[in-house]
1. Defining a contact as two alpha carbons under 8 Å apart and six or more residues distant in sequence, what relative contact order in percent does chain B show?
2. Given the options B:ALA73, B:VAL287, B:THR17, identify the residue whose Cα lies farthest towards the positive end of the charge dipole of chain B (+1 on Cβ of Lys, Arg; -1 on Cβ of Asp, Glu).
3. How long are the semi-axes of the ellipsoid equivalent to chain A, from square roots of 5 times the Cα gyration tensor eigenvalues, in whole Å, largest first?
4. At 0.36 nm per residue, minus the direct Cα-Cα distance, what do A:LYS92 and A:GLU192 gain on full extension? Give it in nm, one decimal, please.
5. Return the whole-Å distance between the Cα centroid of region A:154-219 and the Cα centroid of region B:112-176.
6. Starting from 0.36 nm per residue, how many nanometres of slack lie between A:SER200 and A:GLU182 once their C-alpha separation is accounted for?
7. GNM, chain B, Cα, under 10 Å: largest mean-square fluctuation among B:ALA24, B:ALA100, B:ALA126?
8. Would you mind computing, in nm to one decimal, how far apart the modelled labels at A:VAL312 and A:ARG75 are, each placed 7 Å from Cα along Cα→Cβ?
Protein chains: 2
Amino acid sequence: MKIVVDAMGGDHAPEVTVKGSVDAVKEYGVNVVLVGKEEMIKKELEKYQLDSNKIEIVHAEEVIENEDKPVRAIRRKKDSSMVKGLKLVKEKKADAFISAGNTGALLSGGLFVVGRIKGIERAALAPVYPTSNGISLLLDAGANADCKPKYLHQFAIMGSVYAEKVLGIKRPKVGLINIGTEEGKGNELTKETYKLLKESDLNFYGNIEARELPKGKADVLVCDGFVGNTVLKLTEGLAMEIFSLLKKEITKSFFTKLGALMLKSGLKGFKKRLDYTEYGGAPLLGVKGAVIKAHGSSDAKAIKNAIRQAKVFVENEVLEKIEEDINRLGGKHGKEERG
Amino acid sequence: MKIVVDAMGGDHAPEVTVKGSVDAVKEYGVNVVLVGKEEMIKKELEKYQLDSNKIEIVHAEEVIENEDKPVRAIRRKKDSSMVKGLKLVKEKKADAFISAGNTGALLSGGLFVVGRIKGIERAALAPVYPTSNGISLLLDAGANADCKPKYLHQFAIMGSVYAEKVLGIKRPKVGLINIGTEEGKGNELTKETYKLLKESDLNFYGNIEARELPKGKADVLVCDGFVGNTVLKLTEGLAMEIFSLLKKEITKSFFTKLGALMLKSGLKGFKKRLDYTEYGGAPLLGVKGAVIKAHGSSDAKAIKNAIRQAKVFVENEVLEKIEEDINRLGGKHGKEERG
């Protein structure tokens, strides 16, 4: 198995991308292709003792920066680490691609360079969402601001496959993020999507209100990219804000300071539960390859985790299973139309 | 001034609705009309010493329950406290109506019984959203699941009038909830709305991402009812979940328990900041009357606060100002179309 890592992507590249790759090679025995500025990568690699034929470098002169406009960057920076890395997957010279770089560019690159699976209407970004009893998979988290019911139905299928094959959840429960719990509630999109999911072979739980999201009632959470992105970012922002307010309150007096000191380890464990970078990257589901977006602030461990995730993705044939389920759906829809 | 209170609405009615009304009469000198089951209201009123001509009872045989289907309830329960109360406002026999009852029914009742202000396309529910430096007004919080750019423009106008006249914020900053901060980001709705707000006379701040909402960057937050409801409920759910996780962590050992004890007052102050019931009810903006939705779990203080809020609403001529601004907008749009 050969996994491509965008050596130049993320806030701490190439230090952490190289270290994470080296650790993954040692731990999981995968082959890694590091794409990026050769001199820089070599310099980082020199820090480690490694069986050299397991890590390959592909030189890329350009880097797509976070400030670059996604579509334009993918079209113009043909010699960037991201475009060159995605091409390796497209041309089947490698099995998976991981980047902690520009999210929008990776989404565009996934579509324009790698391309969608036949039958898939839209690809979706699917990060994990931390809950009080584990994690849920949330999709779409921002690849598609405007969606149709058909897209959400496909998101539910792709999310179910991924949750089962990579997260190891048997017959994952699919929840539709909605305002109101009963059937018939919501906007035009969710009302129509409800009907599709109800009639599907999926393990459909029903509507889930935003209030219930942190409780982890479903394994796969389906919504349009506007709502998904809003949910994800609000969760991040609120957790940060609550911690900062808490910090202010507890440093107000000697006694609360003392109390805070005693609480420290408890708080740390708690904060870790909310830190979703712990769980690796977000796959871009629906493209013809394992493409994974790691968090921009990823450390070496997060990169290593994303490589493990890519390995499981490929080993468990997620793409093939998605293709199969989508084909069956296409056939079924066709039958219904004829019938 | 005469303010109608739905004596039967809310989890703790009629105890708290009567007590809140009595307190408001004493404190603000307003006249209150309590609508609901006369015998029950009388029994509650007997507990207090009060100048009787300031409180009036209007008997209503029926009660709209939380389980009732909103539109059907408004149409069929003509003798309910909610419908009778709204009629008093419609017929100009009273200035404002407050209910802690069924939210959906109050929205329907606002539209069907009281009616929209001329020129207003949709009425919006506008609760306050607690932030680290105060509050923002959020609209629409759930009255309209599907919206057009025109509606959001009107929400921005109504929200600005309310924020200025009732919350006392001079030239309130209007933020558009969006995914991405730059112009051109978002879904079809927010992209078009951005253009309208940018060209308007409003104090438009620009797009605000969900991550920034808790920071209080704008005084008025505009979005469709699906997104607004999701933001509000997720905030509630997350705050509750974080507190419950925190509680678990800090009761793990003797030292963290001791620490928690020392922190107690600090935590309490902090929790209060997040409790948006502190700030009174949410007005239904766009209907021809001051209609205010109080939280279902309102206590007497919350009801009293909502009455004060209704008083300020009426005194500062919020309806008249909304009508004026919407008329000017209509004229401007007309001119642009001609030009």
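Computed from the coordinates by the stated procedures, all read-outs in this text should not be read as laboratory data. Values in this document were obtained by computation on a predicted structure and should not be read as measured data. Using ideal geometry, Cβ is built from the backbone for each residue, glycine included, and neighbour counts are taken over all protein chains shown.
1. With pairs under 8 Å counted, the relative contact order is 23 percent.
2. Value computed over the given set: B:THR17.
3. Numbers: eigenvalues 206, 178, 58 Å².
Sorted largest first and rounded, they come to 32, 30, 17 Å.
4. Values: separation 100, 0.36 × 100 = 36.00 nm, distance 3.78 nm.
The A:LYS92-A:GLU192 span can extend by a further 32.2 nm.
5. Value for the Cα centre distance between the two parts: 31 Å.
6. Values: separation 18, 0.36 × 18 = 6.48 nm, distance 1.78 nm.
Full extension from A:SER200 to A:GLU182 adds 4.7 nm.
7. Largest GNM mean-square fluctuation: B:ALA24.
8. 3.8
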